[in-house]
Amino acid sequence: MSGPESIKKLIQELKKDDEDVEHKYVVTVPEEAIARLIESGNSAVEYLLPLLNHPNRYSCAYAVEILQAIGDKRAMEPLVKLLVDEDFADIADIYPQMERHRMSERPDLYEMLELALEKMGPSVMDPILLLSEKFPDHYWLPRVIAKTGSKLHDERAFQYTLKRAKPTNDMDDIEEYAETLSMFKDKRAIPVLAQLIGKDIRSNQMVLGALSEICDAESYRQILTTSGQETMQTTRRQVTSVVEKLEDAYKYPDKYQGEASREWEMYTRELRIQELVRDLIRSTATLGRLEKSLSETEQKALDDVAHKIDRRIDQLPQHYSLPKDIAERVGRRYYIYGKHKEERKYRGLDRLRDRIIVDSVEWLKSKDFKTVTVNEKAVWGWKGDDRSEPKGVYMHVYSSCTIMDWGDGWKEDEIKPFLDEFLTVVDKAARRKQLSSERDASQSKSD
């Protein structure tokens, strides 16, 4: 067991990246310090608790993980306070992206916090329920109360959850009520859940799934007969649809041109296939849940596989040398927002597009930018460190020609002059094409 001085040194290891309060950099997690503090057990708790007072720092995240492993009740009150702390929400968002989590199956930070609270035993429900009175509209607290309360068999948690589940047309609320009530497996929730069945298929899937876990076979069959047939049929069609999309994904047409086009094609195709496999697993699990043809163990196994695929999708850009900004958008319908945006409208833009794209790519290459063209209508350009701080530019030519910056490599005073010069290139390309078209038209008339 470590002595006080040794523990203090290990605590300093946890705090080594705390100056990065904006969480800009990929950190190296102090694995050895975390492991040794867990081994220190209860003697480390008094040194770990102060770290919880700074919820937006990495050391707070590490402290939650260590305290979850130790399970000392002295941590109960400060851990409960983190449930509604917005700064803690910030660090929890980036926690799965930290270096070791990219290639692991560790729980996320909120899950670790929930596990830590469960270890506190039934008495933890008192401060959590008190917190719910102060924050009645908090988005995450009802799920924590249901998840923790159901595992601790707390009647107050069930009554709290039951009272929240009022008839509503809000789909998000319905899904929350279905998810939280299903955790208790209590038959008293059946009439409340049955009243939530409406016209929205996704919400109905959640409600019927909850009922399938609570009802006996005969009661559930009656509910399906009276209220669930359309939802069942739609769920079957969803499974079929995903299978068809998955078959089409292997015929994914090439859409990129340029130096890195091959890698972009491979990344886009793999991303699409991974997402569809995940969707197929989830839709199959939903159908099995509604049909009561899968046991809870089988459903959990499918959910775990889908979750692992989600992790794989998050890790996918590491296997390809695409800048982060691009990897987050390639193959998806995300729009890119830069600090600066310039736009031009040209008459007859459809006829000008090819010349604008070609000249823009040539100009960017002359500036040492790597380029990839997308469907001959858009251009990505970047140079510098592909992974962390590239200088990037994006142009698309649709109803207008739009150019904008991206990436963290730009200095503020560089962007505007660069975009202005880029626009000059675009203007020249458009005018050159227009003059060429006019000459062709004139020549045709003279002939």
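When 61, 35 are checked against the criterion of being of a type in the set (Gly, Ala, Ser) and surrounded by fewer than 20 Cβ atoms within 10 Å (Cβ to Cβ), 35 stands alone in meeting it. Would segment 41-49 turn up any residue that is under 18 Å from residue 87 (Cβ atoms) and modelled with pLDDT of 95 or more? Yes; the residues of segment 41-49 include at least one that is under 18 Å from residue 87 (Cβ atoms) and modelled with pLDDT of 95 or more.
If the condition is being polar (S, T, N, Q) and surrounded by 14 or more Cβ atoms within 10 Å (Cβ to Cβ), then segment 284-310 contributes 284, 286, 299. Yes or no: segment 84-106 includes at least one residue that is among the β-branched types (Val, Ile, Thr) and modelled with pLDDT of 95 or more. The answer is no, given that none of the residues of segment 84-106 is among the β-branched types (Val, Ile, Thr) and modelled with pLDDT of 95 or more. Just to be sure, is residue 4 loosely packed, with under 15 Cβ neighbours inside 10 Å and either farther than 19 Å from residue 107 by Cβ or among the small types (Gly, Ala, Ser) (or both)? Yes; evaluated as a whole, the condition is true for this residue.
Helices (runs of 4 or more DSSP H) fully within segment 294-403 that include at least 3 residues being at pLDDT 90 or above: 296-315, 349-366.
Kindly indicate the residue of segment 375-421 that is of a type in the set (Lys, Arg) and over 25 Å from the mean Cα position of the chain (by Cα) and also farthest from residue 356 (Cα to Cα) among those meeting that condition. Only one residue tops the list, namely 411. Candidates are the residues of segment 250-276 that are more than 18 Å from residue 323 (Cα to Cα) and modelled with pLDDT under 85; the one that is surrounded by the most Cβ atoms within 10 Å (Cβ to Cβ) is 255. When segment 152-175 is filtered for residues that are in contact with a helix residue (DSSP H, G or I) (Cβ under 7 Å, 6 or more places away or on another chain) and outside any loop (DSSP other than H, G, I, E, B), the ones remaining, listed by number, are 156, 157, 158, 160, 161, 162, 164, 171, 174, 175. Of 269, 289, 236, all but one fail to be assigned to a helix (DSSP H, G or I), under 30 Å from residue 378 (Cβ atoms) and not aliphatic (A, V, I, L, M); the exception is 269.
What about residue 125, is it aliphatic (A, V, I, L, M), in contact (Cβ under 8 Å) with a residue 24 or more places away in the chain and outside any loop (DSSP other than H, G, I, E, B)? Spelling it out, residue 125 is indeed aliphatic (A, V, I, L, M), in contact (Cβ under 8 Å) with a residue 24 or more places away in the chain and outside any loop (DSSP other than H, G, I, E, B).
When segment 404-423 is limited to residues that are surrounded by 19 or more Cβ atoms within 10 Å (Cβ to Cβ) and not hydrophobic (A, V, I, L, M, F, W, C), the one that is modelled with the lowest pLDDT turns out to be 407. With respect to residue 69, determine if the residue is under 20 Å from residue 111 (Cβ atoms), buried (at least 19 other Cβ atoms within 10 Å of the Cβ) and of a type in the set (A, V, I, L, M). For residue 69, the condition - under 20 Å from residue 111 (Cβ atoms), buried (at least 19 other Cβ atoms within 10 Å of the Cβ) and of a type in the set (A, V, I, L, M) - is not met. Restricting attention to segment 148-162, the residues that are surrounded by fewer than 21 Cβ atoms within 10 Å (Cβ to Cβ) and closer than 18 Å to residue 112 by Cβ add up to 2.
The values are calculated or read from the model by the stated rules, or taken from the named source; none is laboratory data. Values in this document were obtained by computation on a predicted structure and should not be read as measured data. When we count neighbours, we look across all protein chains shown, and the Cβ atoms used for this are built from the backbone with ideal geometry, even at glycine.
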